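Before any comments, here is the structure.
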Amino acid sequence: MNLRGRIVEVGDEREVETQYGTRSLAEVSIRPDGVDDDADAADGDAYVRVTLWGKWTHTADLAEPGMDLLVTDAEESEYRGEKTYSTSKESYVVLEPDFLVDVTDVRSWVQCPRMYYLNKLSGIPLNYPVVKGTVVHEVFGDLLRGRDLDDSIDERVAEAGLQLGLLGYDAAEVRDEVRRNAAAIEGWLAQGTLTEEDAWRSEYTLISPTFGIKGRADALRRGMPVELKTGKNLRRDPRFQDKIQAAAYALVLAERGVPADTGTLLYTKNTTLERNEESGDLSPAKEFSIGKGLLEFVVRKRNEIAAMEFDFSVPTGFEADAKCEYCFEKDTCMVVSGRLNQESKAGQIGSPLPEDERDYFDRLYRAIEEERRETHEEYRKLWEQSAEERAADDRAILGLEPAGRREIEGGRWELRATKTDDAVSKLREGDICLASDGDPVGGHAELCRIRELGDEVVVTADEPVSVRRLDVYPSEISVSRMLTAVHDALLKGDERRKDVLFGRREPAFTDRSSRTYIDNNDSQDDAVRLAVDADDAALVHGPPGTGKTYTIARIVRALVADGNRVLLSAFTNRAVDNALEALRDQGFDSIVRVGTENGVREDMQELRLETAGEPNDCAAELNGAPVVAATTASCGSRVVREQSFDVALVDEASQLTEPGTLAAINRADRFVLVGDHEQLPPVVRAENDLQRSLFERLVEEYPDASVMLDRQYRMSQRIQAFSSAEFYDGALRPATGEVAAQRLSDLGIDESVLPDDLHDPVAFVDSDSPRVGNTNPGEADRIAELVETYVAAGVDPDDIGVIAPFRAQVAEISRRTDVTVDTVDRFQGSSKEVILVSFVVSGRIDGPIFEDHRRINVALTRAKKSLVLVGDADALASDPFYARMLEWARR
Ligand code: SF4
């Protein structure tokens, strides 16, 4: 039986005499899953004792109260009326099984735990071995899929064109080197050991809920893991850490009922070596047998990582037998230890950072790791929630019917399926998700990108899969990039910049601009001047509709005119493309847009950086661009991390975490942040320091370094009044008399045909209808009627938008009308002539979504001419803020 529960107490390791001789054991008490947290210890079933024998005492040594413990194949026995458990020969002991450790992390941990930590901090930089390794892996996958070798090499090297160009490599020399590596793969494939029945799979996404491991095996042959290494190995056996990697995949396969007892490592560089220059075993393929002892070792190593992550501790290197003198990370290791004042087996160099910077590092490190843990919670839901629960939670789309597949460029696949209902989910076009045959964990699943998400679903994936279900698959990339950004800011950051970030010096300004940039709006003009004059940082506070995007474009032009190279960034692709549109409208298009084909808007595709092609050409296009535009997530990519700029301008900065903002501003000498901390805050799962943006912190610390755009061009006076008073101290005003006085009649609508209660530009309609979960069907009916009323009066349906707080209510309303219905988050940054807001609540107003009033500020400031609030008046009146809103709406 499998035994699982929360650890309550951990006993010391001790030795006992048994019929097999002296053996060590440690006892752990756990509260089994399903037992109430408040259950009394006196209650016999509240806790159970489990004895961990032999080497599993090592895991007991790492265990702490509060951790989750799983013992597989535990033996049950009864002693003096008490049920006790112990490990059996078949058992594995897993700490924190819900924390999915990546197989490659287990590998680097085995080399040295500190190496695992350093990799986490600094990410993988752009270097030739990494790029070449990726190309060889892709060629490997292509060969397994039966592609022609030369075609594959040509295409894969071309795909890496930009990265190779930035590294100064020539395509022909790389093709040659890859071809020599590929000889190992070809030779091995031609060994004749394969038959038609051999099941080949390349890049197999594997998740093990039991062992808490995830990863992508390079290939599986007859169910056995095959790993490709682009280095050389002249010994007969695979390297130990490589064996560990293959064994970790074997463990995951075992959970799927495919016991793998052999692993293969393919060292492709071996075929590039000359026998007369090297001695040893030049054969590239090295097999090894995978026994239970090795699998247990992998689990124990994996447990060490889970235990370290549980209490956020930092490895020193002493935990392992690693030899620092042979370690290629030694310099980095010593510098990081020295700067952060950490203990390290290799020792320290350099003096420690000031204490406040180290505190900041520790605080953010912890916050980011908490966020990572929340991401892992999302993984857990993949197998803990039933399919129906996931669908109800908007985490999965079920019931898809496969409707065809075709091979597309790069040996990839386009997969089609039809939706059998109108269910909604968090998934959006362009997202990466997990497509599966219906079972995302135990069945066949592949990571894919969503191309279309209508009645027909279209996704692209490396491997064909019968698409019956799509699941949200959280990515750790953004968490990892946050950590790298904090590392870069503190350990590689300029001292002047850090003085400003740490409150040691006010941002400085030099009077460079006496000219007028924008002659019809003083605050916009001030904002451009502030940005141009900034020696360190400038902050532009842009409430709704204040021409933020126009001002950004003007700032960029002014900076470029002064000879600066500018990184133009934002949280979302939409904001980046909007800024580019404004720049082009102002006659400027010397821009390179970094982004994926899916992410970049259609009309900006021609600006998109070509990452595939002749290396020199690709690199020259990027290096020569005076303006490079990318989301902040892309700023943490290997390619953009290698670029440097004079100024980084970041839009939507109030929606970014501090590390998210650092990812962009690390790349430049100076920065300009644009945002509005009275609208949506950063989107994070954990509740910690990441919830506050750098923009908000700096606006409060350095009011003199900020300008608020105070004229808005969107809303009528009546609509903007509440937002202005509640969020902007009454400073927000309509830019012109026309803006202030705008009405539906300006669109040619005869307002007299509207019912009396809709004559005012702001109206409240009491839905007087009960909330059902996160929906309010009665309110949805009322909203649909109101939409019809506006359409009947002549308003174009495209000019009407409906905002609801929950996706379930969005779906409820969408079933009743064809106009745009979405959540506040999806509406930020856009506007409509007529906006209807559904509040859903009845009885009392409660729930976190209503507590953050900034969300309401966004909802109420999307409308230009008519705003209709639909809700339960009694519920809204139960909260002072909403009561004031009600009073304004009913005025
Ligand atoms: S230098 Fe030593 S402690 Fe540091 S990562 Fe290398 S082996 Fe580990």
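The values are calculated or read from the model by the stated rules, or taken from the named source; none is laboratory data. Being a predicted model, the structure only gives us computed values, none of them experimental. FYI the Cβ positions are ideal-geometry reconstructions off the backbone, even for glycines, and counts take in every protein chain you see.
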Where in region 512-615 are the helices (runs of 4 or more DSSP H), entirely inside, with at least 2 residues that are hydroxyl-bearing (Ser, Thr, Tyr)?
-> 548-561
Can you name the condition, by its number, that PRO682 falls short on among (1) outside the structural domain of ILE849 (by the TED database); (2) surrounded by 21 or more Cβ atoms within 10 Å (Cβ to Cβ); (3) more than 29 Å from ARG807 (Cβ to Cβ)?
-> (3)
How many residues does region 330-342 contain that are of a type outside the set (Asp, Glu), near the ligand (Cβ under 9 Å from one of its atoms) and without any contact (Cβ under 8 Å) to a residue 24 or more places away in the chain?
-> 3
Reported set for region 339-359 where residues are touching a Ser or Thr at 6+ places or on another chain (Cβ under 9 Å), more than 18 Å from GLU319 (Cα to Cα) and buried (at least 18 other Cβ atoms within 10 Å of the Cβ) is ARG339
Subset of region 491-545 (residues that are closer than 28 Å to ARG711 by Cβ and free of Cβ contacts under 8 Å to residues at least 24 places away in the same chain) = ASP511, SER514, ARG515, THR516, ASP519, ASN520, ASP522, ASP525, ARG529
Looking at region 640-674, which of its residues are of a type in the set (Asp, Glu) and closer than 19 Å to LEU483 by Cα?
-> GLU642, GLU658
Within region 240-274, how many residues turn out to be within 16 Å of LEU220 (Cβ to Cβ), among the hydroxyl-bearing types (Ser, Thr, Tyr) and more than 32 Å from the chain's Cα centre (by Cα)?
-> 2
Tally time: how many residues in region 633-671 are β-branched (Val, Ile, Thr), over 18 Å from ALA527 (Cβ atoms) and in contact with a Phe, Trp or Tyr (Cβ under 6 Å, 6 or more places away or on another chain)?
-> 0
Scan region 463-511 for residues that are aromatic (Phe, Trp, Tyr), assigned to a loop (DSSP other than H, G, I, E, B) and crowded, with 16+ Cβ neighbours inside 10 Å and jot them down.
-> TYR473
For the subset of region 104-139 comprising residues that are of a type in the set (A, V, I, L, M, F, W, C), within 12 Å of the ligand (Cβ to nearest atom) and part of a helix (DSSP H, G or I), which member is farthest from VAL298 (Cα to Cα)?
-> LEU121
Is it true that some residue in region 140-158 is more than 16 Å from the ligand (Cβ to nearest atom) and either at positive phi or assigned by the TED database to the domain that holds ALA307 (or both)?
-> yes
Considering region 498-527, residues that are in contact with a helix residue (DSSP H, G or I) (Cβ under 8 Å, 6 or more places away or on another chain) and of a type in the set (Gly, Ala, Ser), and then whichever is farthest from LEU673 (Cα to Cα), we arrive at SER513
Consider only pairs whose beta carbons are under 8 Å apart and that are at least six residues apart or on different chains; among these, list those whose first residue lies in region 82-97 and is surrounded by fewer than 16 Cβ atoms within 10 Å (Cβ to Cβ) and whose second residue is in a loop (DSSP other than H, G, I, E, B).
-> GLU82/GLY44; SER88/ASP73; SER88/ALA74; GLU90/THR72; GLU90/ASP73
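From ASP768, ASP760, ASP781, which residue is surrounded by fewer than 20 Cβ atoms within 10 Å (Cβ to Cβ) and on the phi > 0 side of the Ramachandran plot?
Numbers: ASP760 fails: on the phi > 0 side of the Ramachandran plot; ASP781 fails: on the phi > 0 side of the Ramachandran plot.
Step by step, each of ASP768, ASP760, ASP781 is checked, and only ASP768 is surrounded by fewer than 20 Cβ atoms within 10 Å (Cβ to Cβ) and on the phi > 0 side of the Ramachandran plot.
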Do you know which residues across region 308-329 are near the ligand (Cβ under 9 Å from one of its atoms), assigned to a helix (DSSP H, G or I) and surrounded by 17 or more Cβ atoms within 10 Å (Cβ to Cβ)?
-> none
Scope region 760-783; condition under 36 Å from the mean Cα position of the chain (by Cα) and either outside the structural domain of ALA741 (by the TED database) or part of a strand (DSSP E or B) (or both); matching residues = VAL772, THR775
Hey, among the residues in region 764-791 that are at pLDDT 95 or above and aliphatic (A, V, I, L, M), which one's nearest to ARG890 (Cα to Cα)?
-> VAL765
Identify, by number, the condition in (1) under 25 Å from VAL528 (Cβ atoms); (2) modelled with pLDDT under 95; (3) among the small types (Gly, Ala, Ser) that ALA686 doesn't meet.
-> (1)
Since ASP757 meets every condition but one in (1) outside any loop (DSSP other than H, G, I, E, B); (2) touching a residue at least 12 places away in the same chain (Cβ under 8 Å), which condition does it not meet?
-> (2)
Kindly check whether there is at least one residue in region 640-654 that is basic (Lys, Arg) and either surrounded by 23 or more Cβ atoms within 10 Å (Cβ to Cβ) or at pLDDT below 95 (or both).
-> yes
List every residue pair whose Cβ atoms lie under 6 Å apart, where the two residues are 6 or more positions apart in sequence or sit on different chains, the first residue falls within region 839-857 and is buried (at least 16 other Cβ atoms within 10 Å of the Cβ), and the second residue, located anywhere, is among the polar types (S, T, N, Q) and not in a loop (DSSP other than H, G, I, E, B).
-> VAL840/GLN809; ASN857/SER723
